[in-house]
Amino acid sequence: MGQDMTAIPLITSLPPVFSRQNPDGAEIGPDWLETCVTSWLRAGFRPITVNSAREDMPEFALLPEFDQVKTQRDGFDAFGKRYVPLWDMLARATEGVDGPVGIVNSDIALELDQDAKDRIATLRPGACIVCNRIDVADTTMTGGAVYGSGFDFFVFHASDLRAMPENGMYFGLPWWDHFLPVSILGRGAQRLSGEGIDAYHLSHGGRWKRRLWRSLGHRFIEDIRAQGDAIDAAYLSALGQIVGRRAARRARFLPGGLRKDDFYALSDLNIDYVDRALP
């Protein structure tokens, strides 16, 4: 008999409109989103969608199995879309929760075996699960490849999420998926195995604009360093070496500021730090 998962919230932010195309160019967004939502319910989670109070609620959020949470702040003025601030999202969705909390990107379909469900249901404060996604070409979810540059499914304890400081990350924009695990692992949490968890993602075109990626990368650095001694000194030292390149360039009368390669180095540092935390 496995552990009960029905009380475990799974936090996401469903978009009002969801679009994806298959390799032939046919629209399959609604079908894929239904696949994702069905997979969360089949796994036993209690899904919660967190959206801006000024955003239309997506259709799937109206299902009786879904909880809906609204935030007053959003990223419209800065980004032109109503992205939800990560801190607001976690603060609202963990109210009254004293146990494990799942977090997933809205375009991820989950498959969990029973051992993984038991590991999630019994997760304690100071432990976490962090999973890469598997990129697939179509809804058959076959022949996929692991995406190694970010993370799409997490489980943390609510108490650890509530201990997170306010920050400038936004759910669904660059760097939030690095900020969460680096912050919590950097505070001494133990990363548990993600074995038995498959997080499928339907591949699609489009990349973040470089200016946005860099801007939020700068904010990532500020928000991590603002946590001071709470963060692992070894990580902060490695981060300092990346940031120090800017000072070195200024000393040689070169244009200041972090460059593209510095942000790639930052991404590599984060991925390596999270990956090395595996038992």
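Can you name the residue in the stretch 130-158 that is assigned to a strand (DSSP E or B) and under 11 Å from the mean Cα position of the chain (by Cα) and is also farthest from residue 21 (Cα to Cα) among such residues? Spell out the reasoning first.
Residues of the stretch 130-158 assigned to a strand (DSSP E or B): 130-131, 134-136, 145-146, 153-157.
Those still in the list that are under 11 Å from the mean Cα position of the chain (by Cα) too: 130-131, 153-155.
Working: 130: 28, 131: 25, 153: 23, 154: 26, 155: 29 Å.
Of everything passing the filter in the stretch 130-158, 155 is farthest from residue 21 (Cα to Cα).
Looking only at the stretch 187-212, which residues are of a type outside the set (A, V, I, L, M) and at pLDDT 95 or above?
First, pick out the residues of the stretch 187-212 that are of a type outside the set (A, V, I, L, M): 187-188, 190-191, 193-196, 198, 200-201, 203-211.
Those that are of a type outside the set (A, V, I, L, M) and at pLDDT 95 or above: 187, 188, 190, 191, 193, 194, 195, 196, 198, 200, 201.
Tell me, yes or no, whether the stretch 29-47 has at least one residue that is in contact with a helix residue (DSSP H, G or I) (Cβ under 9 Å, 6 or more places away or on another chain), of a type in the set (S, T, N, Q) and touching a residue at least 12 places away in the same chain (Cβ under 8 Å).
So far as the stretch 29-47 goes, no, none of its residues is in contact with a helix residue (DSSP H, G or I) (Cβ under 9 Å, 6 or more places away or on another chain), of a type in the set (S, T, N, Q) and touching a residue at least 12 places away in the same chain (Cβ under 8 Å).
If you go through the stretch 186-196 one residue at a time, do you hit one that is within 18 Å of the chain's Cα centre (by Cα) and without any contact (Cβ under 8 Å) to a residue 40 or more places away in the chain? Even if it seems obvious, please write down each step before you answer.
Step one: of the stretch 186-196, the residues within 18 Å of the chain's Cα centre (by Cα) are 186-187, 189-194.
When the remaining residues are screened for being without any contact (Cβ under 8 Å) to a residue 40 or more places away in the chain, the result is none.
No, the stretch 186-196 has no match at all.
For the stretch 70-96, name all the residues that are crowded, with 19+ Cβ neighbours inside 10 Å and not aromatic (Phe, Trp, Tyr). Let's see the steps before the verdict.
Let us first name the residues in the stretch 70-96 that are crowded, with 19+ Cβ neighbours inside 10 Å, namely 71, 74, 82-90, 93-94.
Once the filter is applied, which keeps residues that are crowded, with 19+ Cβ neighbours inside 10 Å and not aromatic (Phe, Trp, Tyr), the stretch 70-96 yields 71, 74, 82, 84, 85, 86, 88, 89, 90, 93, 94.
Given the conditions (1) in a strand (DSSP E or B); (2) out of contact with any Leu (no Cβ under 6 Å at 6 or more places or on another chain); (3) not hydroxyl-bearing (Ser, Thr, Tyr), and given that residue 191 satisfies all but one, which numbered condition is not satisfied?
Every listed condition holds for residue 191 apart from (2).
Please list, ordered by first then second residue, the pairs with beta carbon atoms under 9 Å, 6 or more apart or interchain, first in the stretch 144-161 and closer than 15 Å to residue 174 by Cα, second of a type in the set (A, V, I, L, M) and assigned to a helix (DSSP H, G or I).
From the stretch 144-161, the pairs are 148/271; 149/271; 150/271; 151/180; 151/271; 151/274.
Somewhere in the stretch 85-98, is a residue among the aromatic types (Phe, Trp, Tyr) and either assigned to a loop (DSSP other than H, G, I, E, B) or farther than 30 Å from residue 190 by Cα (or both)? Explain how you work it out, then say what you get.
Quick first cut of the stretch 85-98, residues among the aromatic types (Phe, Trp, Tyr) only: 87.
The next check asks that each one be either assigned to a loop (DSSP other than H, G, I, E, B) or farther than 30 Å from residue 190 by Cα (or both); those that pass are none.
No, the stretch 85-98 contains no residue that is among the aromatic types (Phe, Trp, Tyr) and either assigned to a loop (DSSP other than H, G, I, E, B) or farther than 30 Å from residue 190 by Cα (or both).
Filter the stretch 1-60 for residues that are among the polar types (S, T, N, Q) and assigned to a helix (DSSP H, G or I); which is surrounded by the most Cβ atoms within 10 Å (Cβ to Cβ)? Even if it seems obvious, please write down each step before you answer.
Looking only at the stretch 1-60, we keep the residues that are among the polar types (S, T, N, Q), and these are 3, 6, 12-13, 19, 21-22, 35, 38-39, 49, 51-52.
Imposing the further condition that a residue be assigned to a helix (DSSP H, G or I) reduces the set to 35, 38-39.
On the way: 35: 16, 38: 13, 39: 20.
Only one residue fits best here, namely 39.
Which of (1) surrounded by 15 or more Cβ atoms within 10 Å (Cβ to Cβ); (2) under 24 Å from residue 261 (Cα atoms); (3) of a type in the set (A, V, I, L, M) does residue 199 not meet, given it meets every other one?
All conditions are met except number (2).
The values are calculated or read from the model by the stated rules, or taken from the named source; none is laboratory data. Bear in mind that the values here come from a model prediction, so they are computed numbers and not experimental data. Virtual Cβ from ideal backbone geometry, glycine too; neighbours counted across all protein chains shown.
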